[in-house]
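First the structure, in the form of structure tokens, and then the observations on it.
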2 protein chains.
Amino acid sequence: MATIIDVAARAGVSRQTVSNVLNAPDRVSPDTRRRVEDAITTLNYRPNRSAQNFRAQRSHLLGVDLATVGPHEVAPVLDRFVHALSQQAARRGYHVLLFPRSGDGAVHLSLYETRTVDGFVLVDTERDDPRATALAEQRVPFVTFGRTGATGEHDAVDVDGFAGGQAVAAELVASGRRRPAYVAWPEGSLVGDLRLAGFLAGCEDAGVDPSDVRVLRRLNGVEDGVDAAVTLLEGSERPDAIATVSDLIAVGIIRGMRSLGVRAGNEIRVVGFDDSPLAAHLDPPLTTVRQPLDEVARRVVARFLARLEDPDGPSVTELLEPCLVVRRT
Amino acid sequence: MATIIDVAARAGVSRQTVSNVLNAPDRVSPDTRRRVEDAITTLNYRPNRSAQNFRAQRSHLLGVDLATVGPHEVAPVLDRFVHALSQQAARRGYHVLLFPRSGDGAVHLSLYETRTVDGFVLVDTERDDPRATALAEQRVPFVTFGRTGATGEHDAVDVDGFAGGQAVAAELVASGRRRPAYVAWPEGSLVGDLRLAGFLAGCEDAGVDPSDVRVLRRLNGVEDGVDAAVTLLEGSERPDAIATVSDLIAVGIIRGMRSLGVRAGNEIRVVGFDDSPLAAHLDPPLTTVRQPLDEVARRVVARFLARLEDPDGPSVTELLEPCLVVRRT
């Protein structure tokens with residue numbers, strides 16, 4: 001690997017002259033400059049990146065914190081998003097730096113203050129996310145994938161969960177269902193609340209009274225879905241469709257229905273949310289809402305770079321439309 | 001954020017003196033040193049990381065390339081490994097830098113030559129992996145998760161797939177099965193060949209003639225598993241157990257069996273490999289082999305740091321035992 005000393009020797013100049021050619025070419029005569037450039041090409045010399053970063057104060061790294069996921073937990077959307085982000089960042093000369101999530105943003109600030117990263121993409125955001133609050137206060141560049149409730153106070157790219165919920169309701173009513181039920185997360189989750197609100201609005205738009213929609217609230221586990229299905233099917237009036245806020249709950253709903261001898265998709269339709277990789281592999285394959293993760297990643301990177309260029313510009317929230325993937329349920 | 005200039009001003013010394021306290025404390029009188037250190041503490045000054053890295057020639061970043069995963073593909077083991085690696089690296093002062101996989105190692109070399117990373121962890125390795133060959137030739141520090149066939153030529157940490165296959169066979173025979181079948185990947189995959197060889201050896205150890213084990217070879221898709229199950233169940237002598245090389249194929253086997261009215265686990269047992277997050281959520285929950293990913297990640301990081309300290313030491317391959325997780329199939 002060629003060093004700056006090799007280049008200087010080959011060009012017959014001092015090390016400082018090579019440095020000048022790289023960083024302040026005006027100070028070097030055209031003749032000398034050409035000689036140094038030839039030596040750089042011949043030796044395939046690459047200036048030390050740390051040194052360049054030191055001067056530019058840019059690391060070209062984008063920090064992403066990941067929560068610890070237990071061995072049986074599934075985080076398919078986030079894993080695929082991180083893949084997509086790595087691809088899209090590389091197209092713009094950036095790489096993704098992963099680090100373990102800690103709640104309040106202290107690790108983020110330390111990584112930024114030490115110039116290890118140029119800023120952050122926050123995933124798995126929550127309402128009033130303490131990381132977003134801390135980074136915004138310190139004027140650290142960041143973009144969230146997902147909203148935090150503080151719209152307008154930071155850059156965000158999100159998938160429009162309200163529109164996704166509406167699309168699910170429209171599809172169910174168009175296919176003749178009149179007694180839909182919905183299995184939601186506990187109240188207070190921004191993502192969950194928007195998906196449910198969209199579903200109820202979609203019902204109303206299609207002529208089904210939202211107050212007739214039975215809404216159960218459950219945590220995000222397969223067993224919670226099983227329990228919800230059994231509750232709904234053992235009630236006095238069975239629904240003719242069950243929509244829900246995640247594919248994981250949908251897996252449980254399908255299983256709970258099967259335990260009572262009902263196959264999803266015929267008498268009772270089931271619709272999930274996320275189009276996680278397992279959705280297409282279920283039996284029967286799950287109808288669900290797909291998030292355009294590549295496009296989210298592309299826009300997150302573009303928004304981040306725009307923020308670096310213009311630290312004081314207004315914050316922007318971009319919303320992308322999800323799409324319904326109709327399979328067998 | 002305090003700068004070196006703030007520290008110098010507060011301590012009443014020159015910027016160079018502050019720098020000396022940080023980098024060559026012997027050159028500074030104890031008194032002055034104490035004054036500067038007090039100023040550093042009071043102002044919470046943190047030396048610029050890029051500058052430190054420039055001197056140390058260490059980035060404290062570990063590069064990991066990720067293959068593009070299609071929206072319906074499942075890479076649960078790798079995603080969980082990257083999570084675990086990020087956690088384990090952080091404990092040793094390292095972070096993970098993700099970049100898109102390109103085949104031959106050219107991107108790796110460029111990231112190393114520019115000092116963007118200190119080396120690599122190669123995942124998803126194959127026999128005679130061209131990345132491993134290129135990095136070994138250039139003496140770039142790296143550790144593979146998985147073997148490449150070039151044992152002894154580079155550091156590797158792997159899960160013992162042969163032992164995993166043996167454990168599956170032992171469990172099946174101990175539970176009274178005498179006619180096991182195996183669905184393998186096409187010949188030539190190091191990982192797949194080891195799992196199959198272990199299974200056949202385990203059968204022999206338990207008193208079942210390996211030449212009586214019917215082995216089908218299929219690609220790694222759910223549909224491939226469906227097809228294999230139908231082939232095996234429509235044959236003249238049905239197996240009483242079907243073991244396979246991945247959970248994804250096992251999902252298909254369970255589905256193919258169900259299409260013929262046979263529920264996995266009773267008449268015919270089914271055993272997967274990987275304990276991917278979906279295994280516990282299948283119906284019935286899948287018996288499978290779990291890879292100890294946290295421990296793999298811990299050892300990969302330790303081995304990498306040992307390699308940085310001792311570039312010329314002998315290469316080491318560490319093998320970890322997987323464990324069988326017996327569920328309902």
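The values are calculated or read from the model by the stated rules, or taken from the named source; none is laboratory data. Keep in mind the model is a prediction, meaning the values are calculated, not measured. When we count neighbours, we look across all protein chains shown, and the Cβ atoms used for this are built from the backbone with ideal geometry, even at glycine.
Filtering B:LEU85, B:LEU97, B:LEU61, B:LEU78 for residues that are among the hydrophobic types (A, V, I, L, M, F, W, C) and over 16 Å from the mean Cα position of the chain (by Cα) leaves a single hit, B:LEU61.
Each residue in region B:203-249 was checked for being closer than 26 Å to B:PRO277 by Cβ and assigned to a helix (DSSP H, G or I), and 11 pass.
For region B:53-75, filtering for residues that are more than 8 Å from chain A (Cβ to nearest Cβ) and at pLDDT below 85 leaves 5. Here are B:GLY252, B:GLY261: which of them is assigned to a loop (DSSP other than H, G, I, E, B), modelled with pLDDT under 95 and not hydroxyl-bearing (Ser, Thr, Tyr)? Unique residue meeting the criteria: B:GLY261. Number of residues in region B:140-198 that are free of Cβ contacts under 8 Å to residues at least 60 places away in the same chain and within 30 Å of B:ALA106 (Cα to Cα) equals 12.
Counting the residues of region B:201-238 that are surrounded by 21 or more Cβ atoms within 10 Å (Cβ to Cβ) and out of contact with any Leu (no Cβ under 8 Å at 6 or more places or on another chain) gives 5.
Residue pairs whose Cβ atoms lie under 7 Å apart, sitting 6 or more positions apart in sequence or on different chains, and linking a residue in region B:247-267 that is on the phi > 0 side of the Ramachandran plot to a partner that is buried (at least 17 other Cβ atoms within 10 Å of the Cβ), are B:GLY265/B:THR329. Check region A:288-306 and report whether any residue there is within 22 Å of A:ASP240 (Cα to Cα) and crowded, with 22+ Cβ neighbours inside 10 Å. Yes, because at least one residue in region A:288-306 is within 22 Å of A:ASP240 (Cα to Cα) and crowded, with 22+ Cβ neighbours inside 10 Å. Restricting region B:264-284 to residues that are away from chain A (no Cβ under 14 Å) and surrounded by fewer than 21 Cβ atoms within 10 Å (Cβ to Cβ), the residue that is farthest from A:ALA279 (Cα to Cα) is B:GLU267.
With respect to the stated conditions, B:PRO311 is touching a residue at least 40 places away in the same chain (Cβ under 8 Å), over 25 Å from B:VAL82 (Cβ atoms) and assigned by TED's automatic domain parsing to the domain that holds B:TYR94.
Of all residues in region B:244-253, one or more are more than 14 Å from every other protein chain (Cβ to nearest Cβ) and β-branched (Val, Ile, Thr). Where strands (runs of 3 or more DSSP E) fall wholly inside region A:98-163, no range has 1 or more residues that are modelled with pLDDT under 90 and within 14 Å of chain B (Cβ to nearest Cβ). Only one of the listed residues (B:ASP26, B:ASP38, B:ASP31) is modelled with pLDDT under 85 and more than 24 Å from A:ARG58 (Cβ to Cβ). That residue is B:ASP26. Can you find even one residue in region A:193-200 that is within 14 Å of chain B (Cβ to nearest Cβ), of a type in the set (Asp, Glu) and on the phi < 0 side of the Ramachandran plot? No: region A:193-200 contains no residue that is within 14 Å of chain B (Cβ to nearest Cβ), of a type in the set (Asp, Glu) and on the phi < 0 side of the Ramachandran plot. Screening A:VAL326 with (1) assigned by TED's automatic domain parsing to the domain that holds A:ASP212; (2) touching an Asp or Glu at 6+ places or on another chain (Cβ under 9 Å); (3) of a type outside the set (Asp, Glu); (4) over 30 Å from A:ALA90 (Cβ atoms) gives one miss only, at (1).
Does A:GLY207 fit the bill of being within 30 Å of A:ALA106 (Cα to Cα) and of a type in the set (Gly, Ala, Ser)?
No, not satisfied.
The set of residues from region B:295-313 being at pLDDT 90 or above and either out of contact with any helix residue (DSSP H, G or I) (no Cβ under 8 Å at 6 or more places or on another chain) or under 28 Å from B:GLY265 (Cα atoms) (or both) comprises B:GLU295, B:ARG299, B:ALA302, B:ARG303, B:PHE304, B:LEU305, B:ALA306, B:ARG307, B:LEU308.
Only one entry in A:LEU135, A:LEU111 is under 18 Å from A:SER86 (Cβ atoms) and assigned by TED's automatic domain parsing to the domain that holds A:ARG307, namely A:LEU111. Looking at the structure I just gave you, is B:ASP240 at pLDDT below 90, out of contact with any Ser or Thr (no Cβ under 6 Å at 6 or more places or on another chain) and farther than 26 Å from B:VAL82 by Cβ? So B:ASP240 does not fit the description; no. If you go through region B:222-237 one residue at a time, do you hit one that is on the phi > 0 side of the Ramachandran plot, in the same structural domain as B:GLN166 (by TED's automatic domain parsing) and at pLDDT 95 or above? No, that holds for no residue.
Number of residues in region A:307-329 that are within 12 Å of another protein chain (Cβ to nearest Cβ) and surrounded by 16 or more Cβ atoms within 10 Å (Cβ to Cβ) equals 2. The single condition from (1) in the same structural domain as A:LEU172 (by TED's automatic domain parsing); (2) more than 18 Å from A:ALA167 (Cβ to Cβ) that A:ARG298 fails is (1).
Any residue in region A:240-260 that is over 22 Å from A:GLU126 (Cβ atoms), out of contact with any helix residue (DSSP H, G or I) (no Cβ under 7 Å at 6 or more places or on another chain) and of a type in the set (D, E, K, R)? Within region A:240-260 (the criterion being over 22 Å from A:GLU126 (Cβ atoms), out of contact with any helix residue (DSSP H, G or I) (no Cβ under 7 Å at 6 or more places or on another chain) and of a type in the set (D, E, K, R)), the answer is yes, since at least one residue qualifies.
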